[in-house]
Amino acid sequence: MAEEGPRPPRPSQARGGARGGATPLAGSVALVTGASTGIGRHLVQGLAERGAAVAGLARNGERLAASMAEVAAATGARTLAVAADVTDRAAVDDAVARVREELGPVDLLVNNAGLVDAAEEPLWEADPDQWWDVVSSHVRGGFLLCRTVVPWMVLRNRGRVVNLASGMSLRARPEYSAYSVAKTGLMRLTEALAGALEGTDVRAFDVAPGVVRTEMTAGMPMHRGRTDWTEPADVVAFIAAIAAGELDAWSGRFLRVGGDDLDAVRGLLPDGDARQLRLHPYGETDPLA
């Protein structure tokens, strides 16, 4: 359940770029993984437009550098491209250290990087190495970034972490078993992190972006013929609201762009285990109820 609560103060929602107009994230540093294409690229642009200095991580260094340079030229914001594999512990440690040295401590971490199953097939037909690579890209990648970034947030008592979730976090798709496992695992990581952070001004969130048209989603057979794509600007708006501290009551919980109305959730206080993964009891006599 979610109850109506007092609305927190809201900073300007103007979408002006870093070169002029309102910049609600001015002075902050954001780190986005999977930043060279797709949702990550949209997030880099949108956060930079709101005044944040933005570091992008991705494996393809050349493509990443080009994307970050485009954002810097368009917004006037400070950007940094850091080529790194999010599943490589040493590479993540080095990348975060470089971001901290060149841009400053990270205020917003967005774990967006991740693979998807190579084909729509039952798990017993999947290539074991590719299947595990999908799970690792989301869960190990998210874990390593949080492990490296969050201690600095706790030290400063300030920071927000967003893990990109999915509808498959809640309901497995048999033809995308690896992606389903990965996204559900990432939700558990978020809840564990949020619980450990209680009493601090550091928060962690699950945000499912809906179905944004990207190279990955457009290539998935399940989306063939789809016309109702989620607008990237809506995803950016949710993440920016989290970065601004407007959705703190939802720490450790699941939000879905395209299903949730941003203005509505700003004024709701979720109760109990609302929007968290739980078993449904089979009835009143269920000993686990």
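The values are calculated or read from the model by the stated rules, or taken from the named source; none is laboratory data. Computed from a predicted model, the values in this text were never measured in an experiment. Note that we place each Cβ from the backbone using ideal geometry, even for glycine, and neighbour counts take in every protein chain shown.
Among the residues making up the stretch 151-195, those that are over 18 Å from VAL32 (Cα atoms) and of a type in the set (Lys, Arg) are ARG156, ARG171, ARG173, ARG188. Scanning the stretch 56-66 for residues that are more than 19 Å from the chain's Cα centre (by Cα) and of a type outside the set (A, V, I, L, M, F, W, C) returns ASN60, GLY61, GLU62, ARG63. Against the list (1) within 20 Å of VAL150 (Cβ to Cβ); (2) touching a Ser or Thr at 6+ places or on another chain (Cβ under 6 Å); (3) surrounded by fewer than 23 Cβ atoms within 10 Å (Cβ to Cβ), the condition VAL96 fails is (3). Against the test of being modelled with pLDDT of 95 or more, more than 16 Å from the chain's Cα centre (by Cα) and under 27 Å from LEU155 (Cβ atoms), the options ALA240, ALA204, ALA264, ALA196 yield a single qualifying residue, ALA196.
Residues in the stretch 242-274 that are within 20 Å of ARG160 (Cβ to Cβ), surrounded by fewer than 18 Cβ atoms within 10 Å (Cβ to Cβ) and charged (D, E, K, R): ASP248, ASP263, ARG266. Every test in (1) assigned to a loop (DSSP other than H, G, I, E, B); (2) modelled with pLDDT of 95 or more; (3) of a type in the set (Asp, Glu) is passed by ASP228 save one, and that test is (2).
With respect to GLY46, is the statement that it is at pLDDT 95 or above, buried (at least 21 other Cβ atoms within 10 Å of the Cβ) and in a loop (DSSP other than H, G, I, E, B) true? In short, no. Out of the residues in the stretch 147-202 that are crowded, with 23+ Cβ neighbours inside 10 Å and hydroxyl-bearing (Ser, Thr, Tyr), state the one that is nearest to VAL106 (Cα to Cα). Ranking the candidates gives THR190 first. Would you check if there is a residue in the stretch 267-274 being in contact with a helix residue (DSSP H, G or I) (Cβ under 7 Å, 6 or more places away or on another chain) and either free of Cβ contacts under 8 Å to residues at least 40 places away in the same chain or basic (Lys, Arg) (or both)? No: zero hits. Kindly evaluate PRO209 against the criterion of being farther than 11 Å from ASN163 by Cα, touching a helix residue (DSSP H, G or I) at 6+ places or on another chain (Cβ under 6 Å) and at pLDDT below 95. No: the conditions fail for PRO209.
Quick one: is ALA91 modelled with pLDDT of 95 or more, on the phi < 0 side of the Ramachandran plot, surrounded by fewer than 24 Cβ atoms within 10 Å (Cβ to Cβ) and hydrophobic (A, V, I, L, M, F, W, C)? Spelling it out, ALA91 is indeed modelled with pLDDT of 95 or more, on the phi < 0 side of the Ramachandran plot, surrounded by fewer than 24 Cβ atoms within 10 Å (Cβ to Cβ) and hydrophobic (A, V, I, L, M, F, W, C).
Listed here are the residues, each with its yes/no results for (1) surrounded by fewer than 17 Cβ atoms within 10 Å (Cβ to Cβ); (2) in contact (Cβ under 8 Å) with a residue 24 or more places away in the chain; (3) in contact with a helix residue (DSSP H, G or I) (Cβ under 6 Å, 6 or more places away or on another chain).
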{"site": "VAL82", "(1), (2), (3)": "no, yes, yes"}
{"site": "LEU103", "(1), (2), (3)": "no, yes, no"}
{"site": "VAL106", "(1), (2), (3)": "no, yes, yes"}
{"site": "LEU109", "(1), (2), (3)": "no, yes, yes"}
{"site": "GLY114", "(1), (2), (3)": "no, yes, yes"}
{"site": "GLU125", "(1), (2), (3)": "yes, no, no"}
{"site": "TRP132", "(1), (2), (3)": "yes, yes, no"}
{"site": "SER136", "(1), (2), (3)": "no, yes, no"}
{"site": "ARG140", "(1), (2), (3)": "no, yes, no"}
